[in-house]
Amino acid sequence: MTSRATIGEVVINTVPMATNQGFINVVCDERVVFNEFLAFWIQNNKDVLVARSHGVTFKEITKPNFKLVPILLPPLPEQRAIARVLRNVQATREARQREASLLDELFRSLLEELMTGRVSAVGVGEP
């Protein structure tokens, strides 16, 4: 999780890596917390994290302050179910955003082609 300037951006890492002091790395005890649930919790509670941060030039939440943030954890099966639902909604939202982007691109392309006369619309959409 990013802990400086932009606080609370979160990813789940799946390969060994190093981070710098601008990150708080959380290794979840899988007997207690499901990592994906925690990632969604962080996304939903950025305002809590920012409220516990300090700094003049840019805000930072320190590791000791982060450790003091209370996180209500439902039982693991519920954490997994919540994460599954949110993952599915997020995937659907991302797919729709890609579709909307492609439609925008198609519209701009057709607009250019039709307005310059490179393509004719005569007879298109007529019975």
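Step by step: first the residues of segment 18-38, then only those that are surrounded by fewer than 10 Cβ atoms within 10 Å (Cβ to Cβ) and of a type in the set (D, E, K, R), then the one that is nearest to S3 (Cα to Cα). Which residue is that?
So, considering only residues that are surrounded by fewer than 10 Cβ atoms within 10 Å (Cβ to Cβ) and of a type in the set (D, E, K, R), the one nearest to S3 (Cα to Cα) is D29.
Okay, residues lined up against (1) hydrophobic (A, V, I, L, M, F, W, C); (2) in contact with a His (Cβ under 6 Å, 6 or more places away or on another chain); (3) surrounded by 14 or more Cβ atoms within 10 Å (Cβ to Cβ):
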site: P16; (1), (2), (3): no, no, no
site: F40; (1), (2), (3): yes, no, yes
site: Q43; (1), (2), (3): no, no, yes
site: V50; (1), (2), (3): yes, no, no
site: R87; (1), (2), (3): no, no, no
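Readers should treat all values here as calculations from the given coordinates under stated rules, not as data from a laboratory. Nothing here was measured: the structure is a model prediction, and the numbers come from that model. Neighbour counts run over all protein chains shown; Cβ positions are idealised from the backbone, glycine included.
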